[in-house]
1. Which count do you get for residues in the stretch 401-420 that are touching a residue at least 24 places away in the same chain (Cβ under 8 Å), open to solvent by 60 Å² or more (accessible area, probe 1.4 Å) and part of a loop (DSSP other than H, G, I, E, B)?
2. When ASP107 is evaluated against the numbered criteria (1) open to solvent by less than 50 Å² (accessible area, probe 1.4 Å); (2) touching a residue at least 60 places away in the same chain (Cβ under 8 Å); (3) on the phi < 0 side of the Ramachandran plot, which criterion, by number, is the only one it fails?
3. State which residue is modelled with the highest pLDDT when the search covers only the stretch 282-296 and only residues that are open to solvent by less than 20 Å² (accessible area, probe 1.4 Å) and among the hydrophobic types (A, V, I, L, M, F, W, C).
4. Could you tell me which of the residues MET184, MET241 is hydrophobic (A, V, I, L, M, F, W, C) and surrounded by fewer than 16 Cβ atoms within 10 Å (Cβ to Cβ)?
5. Sort out which residues of the stretch 189-221 are assigned to a helix (DSSP H, G or I), open to solvent by 10 Å² or more (accessible area, probe 1.4 Å) and without any contact (Cβ under 8 Å) to a residue 40 or more places away in the chain, and write them in order of number.
6. Confirm whether ALA268 is surrounded by fewer than 17 Cβ atoms within 10 Å (Cβ to Cβ) and outside any loop (DSSP other than H, G, I, E, B).
7. Could you please find all residues in the stretch 222-238 being open to solvent by 40 Å² or more (accessible area, probe 1.4 Å) and either among the hydroxyl-bearing types (Ser, Thr, Tyr) or in a helix (DSSP H, G or I) (or both)?
8. Of everything in the stretch 133-147, what is in contact (Cβ under 8 Å) with a residue 40 or more places away in the chain and part of a strand (DSSP E or B)? Give them in sequence order.
Amino acid sequence: MASEQQPASLVVTRARLDGTPGDPVDLVIRDGVFAAIGPAAAEGIDASVRIDANGGLVTPPFAEPHSHPDKVYSRERIAERGLPTSGPREVFMQRQRDLKAAFTRDDVMERASRFLRACVLEGVGVVAGQADIDSVTGLISVEGVLAAREACADIVDTVVTAFPQEGMVGDARAYDLVAAALGMGADRVGGWPNNEADDAARLAHLRQVFELAARFGVPIDINIDYFTDPSERLLEPLAEMTIAHGMQGLVNANHVGALETYPDADAARIIEKVAAAGISITVCPSNLQGSYPFRGVSRPNELLDAGVNVTIGTGNHQDNWESLGCLDPLERARFAWHALPLAGRAGEGIDDAWHMITRAARTAIGRPAGALSVGSEASFVVLSAPDRLHALRNEAGSRFTVRKGVVIASRCVTSEIVYS
């Protein structure tokens with residue numbers, strides 16, 4: 001009994017554990033792990049920090065499966081540099097080149113660090129980020145993002161993808177640059193084969209991605225069939241190569257907008273191959289922008305029905321491609337619930353939306369969360385909402401982010417009507 005009354009570094013009272021029915025429990029944390037969990041477990045225990053969850057939900061930290069930390073917060077530079085504010089896709093591609101040509105390592109590090117800290121404020125514990133690598137930016141962007149990863153290592157895990165934005169066939173330097181980035185510590189090899197000039201080059205790009213994955217023993221995080229363009233047809237060969245190279249479960253495919261435009265029979269065949277390959281699909285609800293007459297969010301319900309791991313990512317944030325941006329996973333899940341849409345699924349899709357920012361996102365990144373159990377690492381988020389449904393409604397409320405037993409971010413909200 002004496003050991004149970006030892007002081008704790010952190011106590012959370014009256015909390016509801018995500019996925020666990022029953023009455024609220026107390027959480028007692030010592031030395032970065034859960035020392036006790038249960039009703040009234042914190043009674044009589046002194047603690048350096050106490051949080052009253054007041055019946056709120058406790059969940060493992062959220063995950064961000066797709067972002068571009070090297071580009072974030074660069075939107076205002078469009079006007080500063082006098083770059084075009086409208087035009088076809090090619091104009092925006094060139095505008096991105098012009099923007100990143102002026103990036104420096106320190107500049108990227110500062111903006112990426114700001115982005116990672118902003119994610120932590122929303123309860124995100126792991127961020128997957130792509131860093132451009134090409135003849136325009138060289139290794140500057142990946143160096144900056146890797147430096148930000150190190151600077152923020154105490155508060156968030158960052159998984160960095162070496163991303164050849166301009167291609168690897170059309171950009172002759174890119175293959176060696178990506179290899180150099182992987183040698184420097186990038187975690188995954190990326191790609192965007194659709195950006196190559198013709199079908200032969202696109203398939204060559206895919207082959208080079210798998211060559212690099214095998215050479216460095218890393219997973220793949222690839223942007224594929226980005227646009228709602230029925231001529232984009234690389235998801236199927238991606239699935240076939242994944243199986244041929246024995247990389248089932250080690251590939252995440254982002255966007256996949258074109259799948260929505262295929263004839264149903266073609267889509268069904270390809271989805272079956274994606275499921276067999278264990279490919280995760282990360283869609284971006286913000287793809288709705290400019291996708292008319294399509295929804296721009298792939299075929300998430302058919303993918304889910306086939307057993308594919310489907311998640312949702314931020315994508316771009318206040319940069320060349322996105323003037324807005326919200327880093328709150330709960331807001332993204334609420335948006336996705338409408339956009340995908342998920343309401344017709346079992347339980348009105350609440351659990352599906354929730355998993356897209358938790359379990360499914362971590363599966364896509366390759367960083368599963370630990371259980372909220374005695375003896376496990378005490379990393380979690382405390383929400384004001386009592387359950388997933390109320391959390392996804394995302395009404396204003398307090399939020400605490402805890403990492404290894406230390407409160408690293410908090411948002412305390414009080415509301416009252418003052419008019420009389």
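The values are calculated or read from the model by the stated rules, or taken from the named source; none is laboratory data. Given the structure is predicted, the values throughout are model-derived calculations rather than measurements. All Cβ positions, even for glycine, are placed from backbone atoms using ideal geometry, and neighbour counts span all protein chains on display. Ligands, DNA and RNA are stripped out before the accessible areas are found, and what is left, the full protein with its side chains, is counted by its heavy atoms. Shrake-Rupley method; radii C 1.70, N 1.55, O 1.52, S 1.80 Å.
1. 1
2. Condition (2) is where ASP107 drops out.
3. VAL283
4. From the options MET184, MET241, the qualifying one is MET184.
5. First, the residues of the stretch 189-221 that are assigned to a helix (DSSP H, G or I): 193-195, 199-216.
Next, only the ones that are open to solvent by 10 Å² or more (accessible area, probe 1.4 Å) stay: 194-195, 199-204, 207-208, 211, 214-216.
Listed by number, the residues that qualify are ASN195, ASP199, ALA200, ALA201, ARG202, LEU203, ALA204, ARG207, GLU211, ALA214, ARG215, PHE216.
6. Working: surrounded by fewer than 17 Cβ atoms within 10 Å (Cβ to Cβ): yes; outside any loop (DSSP other than H, G, I, E, B): yes.
Yes; evaluated as a whole, the condition is true for this residue.
7. Within the stretch 222-238, the subset open to solvent by 40 Å² or more (accessible area, probe 1.4 Å) is 226-227, 229-231, 233.
Within the stretch 222-238, TYR226, SER231 qualify.
8. ASP134
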